[in-house]
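Here is the structure we will look at.
Just so it is clear, none of the values below were taken in a lab; they were calculated from the coordinates. Owing to the predicted nature of the structure, the values given are computational and were not obtained by experimental measurement. All Cβ positions, glycine included, derive from the backbone under ideal geometry; neighbour counts span all protein chains shown.
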Number of protein chains: 2
Amino acid sequence: MTADPQQAREWQEGFGHRLRTLRKESGLSQMALANAVGLHPTYISEIERGQRNVSLVNIRALAAALRVPVGSLFD
Amino acid sequence: MTADPQQAREWQEGFGHRLRTLRKESGLSQMALANAVGLHPTYISEIERGQRNVSLVNIRALAAALRVPVGSLFD
């Protein structure tokens with residue numbers, strides 16, 4: 001299952017879409033989420049638009065800041 | 001929830017431990033899993049020892065190769 005660029009992009013977009021949904025459900029702005037995890041707001045926006053291959057540690061930090069199980073970011 | 005180095009290391013070790021468990025349950029060697037996702041076997045070993053901050057795309061590829069839901073890598 002070597003990820004070709006198309007598959008990689010789909011995974012990033014899927015994650016970004018899910019992050020946006022959970023963030024909105026939590027009532028946090030991109031700015032507030034960015035501050036909570038120590039990332040730049042632009043980076044949060046890029047993640048949500050599927051433009052970033054987010055790291056494990058940032059994934060865990062985002063889940064913690066949203067107070068959701070990590071797995072729910074992949075539902 | 002800005003991840004300090006200690007927290008980041010714990011997340012990486014947790015993920016690595018879980019990956020090893022699921023890999024062994026699947027019956028795949030580190031070499032076979034590495035080939036399946038297009039990574040070097042040493043990299044798989046480093047991930048399992050908590051030494052790598054794995055990317056989203058590699059996390060998804062690992063789950064696909066192990067035929068498990070991504071969330072189960074975080075259980």
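Starting from a label point 7 Å past Cα on the Cβ side, list the distances from B:GLY71 to the same position in the other copies, nm, shortest first.
0.5
If you bin the C-alpha pair distances of segment B:7-74 every 5 Å from 0, what whole percents do you get?
Whole-percent P(r) values from 0 Å outward: 4, 20, 34, 30, 11, 2, 0.
Where does chain A land at 222 nm, in deg cm²/dmol rounded to the nearest 500, when only DSSP H runs of n ≥ 4 count, each adding -39500 (n - 2.57), divided by all residues? Working shown, then result.
Values: 4 runs with 49 residues, N = 75.
Value at 222 nm, helices only: -20500 deg cm²/dmol.
Nearest 10 degrees is fine. How inclined is helix A:5-26 to the longest principal axis of chain A, computing both from alpha carbons?
Around 20 degrees separate the two axes.
Springs between alpha-carbon pairs under 10 angstrom, Gaussian network model over chain B: which of B:GLU13, B:GLU48, B:GLU25 fluctuates most?
B:GLU25
In nanometres, what is the gap between the two model label sites at B:ARG49 and A:HIS17, each 7 Å from Cα along Cα-to-Cβ?
3.9
So, counting K/R as plus one and D/E as minus one, what does the shell of residues with Cβ under 14 Å around A:ALA8 add up to?
Numbers: positive: A:ARG9, A:ARG52, B:ARG60; negative: A:ASP4, A:GLU10, A:GLU13.
Residues near A:ALA8 contribute 0 overall.
Through the Karplus equation 6.51 cos²θ - 1.76 cosθ + 1.60, θ set to phi - 60°, convert the phi angles of segment A:63-75 into ³J(HN,Hα) values in whole Hz; use x for Gly and Pro.
After applying 6.51 cos²θ - 1.76 cosθ + 1.60, I find 4, 5, 5, 8, 6, 10, x, 3, x, 5, 6, 10, 5 Hz.
Tell me, what HN-Hα J-couplings in whole Hz come from the Karplus equation 6.51 cos²θ - 1.76 cosθ + 1.60 at θ = phi - 60° for each residue of segment A:32-46, using x for Gly and Pro?
Ordered by residue, 3J(HN,Hα) equals 5, 5, 4, 5, 5, 10, x, 10, 7, x, 4, 5, 4, 4, 5 Hz.
Magnitude of the Cβ-charge dipole of the protein assembly as shown, K/R +1 and D/E -1, about the Cα centre, nearest 20 debye?
Rounded to the nearest 20 debye, it is 60 debye.
Find out how many positive minus negative residues lie around B:LEU66, taking Lys and Arg as positive, Asp and Glu as negative, among other residues whose Cβ is under 15 Å from that of B:LEU66.
Result for the neighbourhood of B:LEU66: +3.
Net charge within 14 Å of A:GLY50 by Cβ-Cβ distance, Lys/Arg positive one each and Asp/Glu negative one each, not counting A:GLY50 itself?
Computed value for this residue: +2.
What ranking do B:ARG49, B:ARG60 get, fewest neighbouring Cβ atoms within 10 angstrom at the top? Working shown, then result.
Values: B:ARG49 13, B:ARG60 24.
Arranged by neighbour count, lowest to highest, B:ARG49, B:ARG60 become B:ARG49, B:ARG60.
Just to be sure I understand the model, the point goes 7 Å from the Cα along the line to the Cβ. What's the resulting A:LYS24 to B:HIS40 distance in nm?
With each label placed 7 Å out from Cα toward Cβ, I get 4.3 nm.
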